[in-house]
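For reference, the structure discussed in these notes is given below.
The values are calculated or read from the model by the stated rules, or taken from the named source; none is laboratory data. As the structure is a computational prediction, the values presented were derived from the model and not from experiment. With ideal geometry, Cβ positions are generated from the backbone for all residues, glycine too; neighbour counts draw on all protein chains shown. The area values use the complete protein model at the heavy-atom level, side chains included, leaving out ligands, DNA and RNA. Shrake-Rupley method; radii C 1.70, N 1.55, O 1.52, S 1.80 Å.
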Amino acid sequence: MLLRGGLITAALVVVAFAAFLFAVEHPTTRGPLRCWIEESFYEQNWAPAPDGTPIVEAVQTTEPVIDLCDAADDPAIWVSDDKPNDVFVLGTNKQSSVNVYDLSGALVSRTGEIGAPNNVDLRAHDGRIIVMASDKDDAQVEAFTLDPQSGDLRHLPGAPFPAEAEDEFYGACLFDAGDALFAFTTDKSGLVVQYEMSFQPNTSPLRKVRELRVPTQPEGCVVDDANAVLFVGEEDVGIWRFDADTDGSTRGLLIAETGADGPLVADVEGLAIYTGETAEEGFLIASSQGDNTFAVFDRAAPHAFRGRFQVSFNGEIIGDTDGLDVTSTPIGAVYPRGLLVIQDGFIRDSRGERRNQRFAYVSWADVEIALGLEVSD
């Protein structure tokens, strides 16, 4: 009798656990459950920013995402070539959608439920604005075109596309090589896969061309198109540099480290390129999530460290930042040297009240002043 009772109890535990796992992954319940798990069992301890770290005040924030807890993640910026004040900021809500905001931070459109879009990137290529997002729950690539007038996102035919992953699918970025468009994806195993993207009838939309690898978990990546260089953030280790060309070396070079010997504090998250007048000018910006700072390096080798800064809004530090993006295109009087967009990852305000995550807009001119960066006119 005792044996039978024990078997029934064990069976009930297994069923309950299976139901819990199902609920954690189901679109209608995963958001609230993951939120509860995060707030109940996860405590983030940030290292203090180094003494003397300058603080740059954000101009404004976007509307918050609709889901609680860890939802917003990564932005991408589109600026019209013809009308530089026409700007859309794309931001992922990894519990449900890709959102599109205007320059005032207002939500202008969003996709429907598409799983768990984590990283997002875009390129103007072959007469269209191609948008790519990594769906980390389903190991697939979401792909859209962005309407430059309305801001609507429309799925490319056949999207989403399956992607290769050895562990949880994570990051993504694009590379415009001129005559071809490539996508890079990362997963938690350290695998980085490069695909050639094709939009012609009767062709595979993602054709794997090669593999790269970092030792442990990466996420964010960015490609410096003009120099054909891929940067990958290995979260606990630092930033790697790879050749982005398909015939380039698959060997990476660690250019910045976390910890006592480096300017970064794990996790290394979002990466972005601020372009200059030439391919040698400009900067690589990284989210140093562990101390709520943003590290700036020279775009060109040997990628010298130029300084770090923090961002605040209404007097409160913005931090726990996942993704970021930057453009050097002047945008009106408010962003005369370009626009930096960062994810505001905090889920509690300074009073401890719960709030939804959002994205913050920063004038790059203010960053240049704070760090004393040389400005070439």
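Report the accessible area of TRP240, computed with a 1.4 Å probe over the heavy atoms of all protein chains in place, in Å² rounded to the nearest 10.
Ignoring ligands and nucleic acids, TRP240 comes out at about 40 Å².
Note the full-extension length gain between ARG207 and SER249 as 0.36 nm times their separation in residues minus their Cα-Cα distance, in nm to one decimal.
13.2 nm
What is the angle, in °, between the Cα long axis of helix 2-25 and the longest principal axis of the Cα atoms in the chain? Nearest 10 is fine, range 0 to 90.
Here the helix axis deviates by roughly 20 degrees.
GluC sites (Glu not before Pro) within segment 161-235: which are DSSP loop residues with at most 10 other Cβ atoms inside 10 Å?
Sites meeting the loop and neighbour criteria: none at all.
How far is helix 30-41 tilted off the main Cα axis of the chain, in degrees rounded to 10, range 0 to 90?
Its long axis makes an angle of about 90 degrees.
Express the carbon and sulfur contribution to the solvent-accessible surface of segment 244-303 as a percent, rounded to the nearest whole number, probe 1.4 angstrom.
Ligands and nucleic acids excluded, carbon and sulfur give 44 percent.
Could you work out what % of the accessible surface of segment 314-377 is carbon and sulfur, using a 1.4 angstrom probe and leaving DNA, RNA and ligands out of the count?
Reported share for carbon and sulfur atoms: 47 percent.
Round to a whole number: what % of the accessible area of segment 69-124 belongs to carbon and sulfur, probe 1.4 Å?
Result for segment 69-124: 44 percent of the exposed heavy-atom area is carbon or sulfur.
Explain nothing, just the number: relative contact order of segment 293-377, from Cα pairs under 8 Å at least 6 residues apart, as a whole percent.
22
Could you provide, to the nearest whole Å², the per residue accessible area of segment 52-108 with probe 1.4 Å?
With the other protein chains kept in place, segment 52-108 gives 36 Å² per residue.
Two decimals is fine: what is log10 I(q)/I(0) at q = 0.24 Å⁻¹ for segment 122-195, from a Debye sum with one equal scatterer on every Cα and no solvent?
At q = 0.24 Å⁻¹ the computed log10 ratios are -1.09.
Apply the Karplus parameterisation 6.51 cos²θ - 1.76 cosθ + 1.60, with θ equal to phi minus 60°, to every residue of segment 123-137 and state each ³J(HN,Hα) to the nearest whole Hz, in sequence, with x for glycine and proline.
8, 7, 8, 6, x, 10, 9, 8, 10, 10, 9, 8, 9, 6, 7
Of all alpha-carbon pairs in segment 117-156, indicate the percentage at a distance above 12 angstrom.
Looking at segment 117-156, the distances longer than 12 Å represent 56 percent of pairs.
Using a Förster distance of 35 Å, how high is the FRET efficiency between SER150 and ALA260, based on the Cβ-Cβ distance and rounded to 0.05?
That pair, SER150 with ALA260, gives E of 0.10.
Expressed in nm to one decimal, what extension gain is obtained for the pair ASN45 and ILE369 from 0.36 nm per residue of sequence separation less their Cα-Cα distance?
Separation in residues times 0.36 nm, less the Cα-Cα distance, equals 113.7 nm.
Over segment 142-271, give the accessible area per residue in Å² for a 1.4 Å probe, as an integer.
Result: 41 Å² per residue.
Can you list the equivalent-ellipsoid semi-axes of the chain, largest first and in whole Å, using the square root of 5 times each Cα gyration tensor eigenvalue?
Equivalent ellipsoid semi-axes, largest first: 33, 25, 22 Å.
Could you give the length gained by full extension between ARG348 and ASN227, i.e. 0.36 nm per residue of separation minus their alpha carbon distance, to one decimal place?
39.5 nm
Can you check what the Kirkwood hydrodynamic radius comes to for segment 116-256, Cα pairs only, in Å to one decimal?
Across segment 116-256, the inverse of the average 1/r is 15.1 Å.
Quick one: if you stick a label point 7 Å off each Cα along the C-beta vector at LEU33 and LYS83, how many nm between them?
Label-label distance for LEU33 and LYS83, simple model: 4.5 nm.
If we restrict to alpha carbons, what Rg and Dmax does segment 201-318 come to, in Å?
Expressed in Å, the Cα Rg and Dmax of segment 201-318 come to 15.5, 54.
How are the Cα pair distances of segment 241-377 distributed, in percent, across 5 Å bins from 0?
2, 9, 18, 21, 20, 14, 9, 4, 2, 1, 0
For segment 293-377, which GluC sites (Glu not before Pro) are both in a DSSP coil and crowded by at most 13 other Cβ atoms within 10 Å?
Of the GluC sites (Glu not before Pro), the ones in loops of segment 293-377 whose Cβ has at most 13 other Cβ atoms within 10 Å are GLU353, GLU374.
Using θ = phi - 60° and the Karplus form 6.51 cos²θ - 1.76 cosθ + 1.60, what ³J(HN,Hα) does each residue of segment 157-173 get, whole Hz, x for Gly and Pro?
x, x, 6, x, 10, x, 10, 8, 8, 9, 9, 4, 5, 9, x, 7, 7
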